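Worksheet for the structure shown next.
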């Protein structure tokens, strides 16, 4: 445990999560898109392949 000064010690230092960029999401989406085609690939398939939450996808890509 680390101590940040007076008060209760922290269990671990806070870690900033790395943002997934457009290129990484598109790269992850390539597999379901090539397997099923763009007309039948669901948003959930892209989210699952990229390992992100739905809001992250919609924040970066406002249109299909």
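The values are calculated or read from the model by the stated rules, or taken from the named source; none is laboratory data. What you see is a predicted model, and the numbers here were worked out from it, not measured in a lab. Here Cβ is always computed from backbone atoms with ideal geometry, including for glycine, and neighbour counts include all displayed protein chains.
Numerical summary
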read-out: Subset of the range 1-31 [within 21 Å of residue 60 (Cα to Cα) and modelled with pLDDT under 70]; value: 16, 17, 18, 19, 20
read-out: Hits in the range 32-53 (condition: closer than 15 Å to residue 21 by Cα and either surrounded by 13 or more Cβ atoms within 10 Å (Cβ to Cβ) or at pLDDT below 90 (or both)); value: 46, 47, 49, 50, 52
